[in-house]
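Quick note: the coordinates plus some simple rules give every number you see, no bench work behind them. Predicted model, so just to flag it, every value in this text is computed and none were measured. Cβ coordinates were reconstructed from backbone atoms using ideal geometry, including for glycine residues, and neighbour counts include every protein chain displayed.
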Amino acid sequence: MIASDLIDKTDRKILHLLSENGRVSFLEIARVCGMSGAAIHQRVAKLESLGIITGYGVRLSVERMGYATCAFVGVFLEKANLYHSVAKELEKIPEIVEYHYTTGNYAIFLKMYCRNNQHLMEILNGQIQKISGVSSTETFISLEEGIRRELLP
């Protein structure tokens, strides 16, 4: 049985409220759910212990921080068994915010933010393509982000 099978409609409502605003108080969640604050606290603790809630964070505006370019990069490897060593090097590049070991055309697919297209080119040419084991890359620049949300059960 998977953890999501152990939650009910109220737990899903709590997850929805927390995903919209991680700073919402238990008392506000309790009001919306028609329960006591203590009951909400217990339910949140259960969701944490099940590993459904893995942490709390802050959403940052990358644009307001000066990162105007969002790019996705497909990375081709010389050999598939080089994934772990290449991934270790990719983790050292702070502009990379996600990477995935994938099936299909690319061995690794990553998401990164750069100040502009020149900065993107500097990271591609000066860092990513110099990693031992990377044979080539293919880059896609995002023109607009349409959805940014947590997956809710």
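In table form, for the structure just shown:
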read-out	value
Under 17 Å between alpha carbons - lysine pairs in the chain that sit 8 or more apart or on different chains	8
Kirkwood hydrodynamic radius of the stretch 22-79, from inverse mean 1/r over distinct Cα pairs, in Å	15.2 Å
Among 72, 26, 47 the positive-end extreme of the charge dipole of the chain (Cβ point charges)	26
Label point distance in nm, residue 121-residue 144, each placed 7 Å from Cα along Cα→Cβ	2.7 nm
Share of alpha-carbon pairs per 10 Å distance bin for the stretch 3-49, given as whole %	28, 63, 9
Charge dipole (debye, nearest 20) of the chain; +1 at Cβ of Lys and Arg, -1 at Cβ of Asp and Glu	360 debye
Dipole of the chain, positive end: most advanced residue of 143, 7, 35 [Cβ charges, Cα centre]	35
Estimated vicinal HN-Hα couplings, Hz - the stretch 41-57 in sequence order (Karplus 6.51, -1.76, 1.60; Gly, Pro = x)	4, 5, 5, 5, 4, 5, 4, 5, 5, 6, x, 6, 8, 10, x, 10, x
Percent of C-alpha pairs per 5 Å bin, the stretch 69-142, short to long	3, 17, 33, 28, 14, 4, 0
Built amide H within the under 5 Å cut-off of residue 102, gap 5+	108, 109
Dimensionless Rg over Rh [the chain; C-alpha; Kirkwood]	1.10
222 nm mean residue ellipticity, helices alone, for the chain (DSSP H n ≥ 4; -39,500 (n - 2.57); rounded to 500)	-10000 deg cm²/dmol
